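Quick notes on the structure that follows.
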């Protein structure tokens, strides 16, 4: 990977030029928090860098809540998504396995992936529920993003990751130069500091594989305890960067509509005869963690949880999944 440097004001001018060719979504911050917004030239100066994490997960750009899969499609302007945290970049690996796998390729997902340039933003701080490092995921991107950016005292450091990213950087007309050793040392120091914060904030949280073992071997009591606060709203599955269940609904005129679905909704596994293996709330509640930590690791190579913590933040019942896992780990330690 190659590092390049450009002054922030020149980077902003480059983005303004890129708006002639691309639709750009980027993180901006207001009184409600950080999230992606459609960027116009006057918005460029408000773009936020290196802060975790937008409220909306990257998944939303590739898997709409609802879309007609039989309607005609029109060519769309290529787009850039700027400021993606690495937890979302890593989540895209799993979505790629699901939707671009050898058995079946989703043409709509493929078109969106091909039409999108991904610019990640290294996290230089953490939020309360960030725990990517506990699952072996770095707070900065080294793969799958096309480039990553880091704002160091008014200098934008660009890390080129893919050929698509290299082509984008070539389109920047401003003065752009290789990063010196002092800049690279500063980046490595910043990365290490963020990782140290993440590890210290999540002491006692089991790793991804250990969590799968704990969930698989757990009894019903703990799920009954924590699911008592669950209202089956589905916020956790909707906001998760890797949950991707959907319904295919038949409409009149031979139309089909793909509709986002989630295992926390009542009736998710109800069949035509009326049977429902997830009728009881605690079984439905546990199902999500079985899927993410037990079943998906068997079928896919990418983790089904990247430690973004959004499900904790979105939960109406204020259920903290990490508290469940740490309690399960303590139970196992006491038995041992």
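The values are calculated or read from the model by the stated rules, or taken from the named source; none is laboratory data. Keep in mind that what you see is a predicted model, and the values were worked out from it rather than measured. In this analysis, Cβ positions are derived from the backbone assuming ideal geometry, glycine residues included, and neighbour counts consider all displayed protein chains.
If you go through segment 210-238 and keep only what is within 22 Å of the chain's Cα centre (by Cα) and farther than 20 Å from residue 310 by Cα, you end up with just 210.
Tell me the residue from 291, 315, 311 that is out of contact with any helix residue (DSSP H, G or I) (no Cβ under 7 Å at 6 or more places or on another chain), assigned by TED's automatic domain parsing to the domain that holds residue 224 and either surrounded by fewer than 18 Cβ atoms within 10 Å (Cβ to Cβ) or under 23 Å from residue 58 (Cα atoms) (or both), please. Before you say what the answer is, go through the steps one by one.
Working: 315 fails: out of contact with any helix residue (DSSP H, G or I) (no Cβ under 7 Å at 6 or more places or on another chain); 311 fails: out of contact with any helix residue (DSSP H, G or I) (no Cβ under 7 Å at 6 or more places or on another chain).
Residue meeting the stated conditions: 291.
Among the residues of segment 89-113, count how many are in a helix (DSSP H, G or I) and either under 18 Å from the mean Cα position of the chain (by Cα) or touching a residue at least 12 places away in the same chain (Cβ under 8 Å) (or both). Break it down stepwise before answering.
Going residue by residue through segment 89-113, those that are in a helix (DSSP H, G or I) are 89-99, 107-113.
Right, trim to either under 18 Å from the mean Cα position of the chain (by Cα) or touching a residue at least 12 places away in the same chain (Cβ under 8 Å) (or both) and you get 89-99, 108-113.
Counting residues in segment 89-113 that are in a helix (DSSP H, G or I) and either under 18 Å from the mean Cα position of the chain (by Cα) or touching a residue at least 12 places away in the same chain (Cβ under 8 Å) (or both) gives 17.
Restricting 126, 137, 184, 172 to those that are crowded, with 17+ Cβ neighbours inside 10 Å, at pLDDT below 95 and either assigned to a loop (DSSP other than H, G, I, E, B) or assigned by TED's automatic domain parsing to the domain that holds residue 51 (or both) reduces the list to 172. Filtered by the rule that a residue be crowded, with 21+ Cβ neighbours inside 10 Å and either under 18 Å from residue 200 (Cα atoms) or at pLDDT below 95 (or both), segment 140-149 gives a lone residue, 140. Within segment 32-43, the set of residues being closer than 27 Å to residue 130 by Cα and touching a helix residue (DSSP H, G or I) at 6+ places or on another chain (Cβ under 9 Å) comprises 36, 37, 39. All conditions but one from (1) in contact with a strand residue (DSSP E or B) (Cβ under 8 Å, 6 or more places away or on another chain); (2) at pLDDT 95 or above; (3) surrounded by fewer than 22 Cβ atoms within 10 Å (Cβ to Cβ) apply to residue 85; the one that does not is (3).
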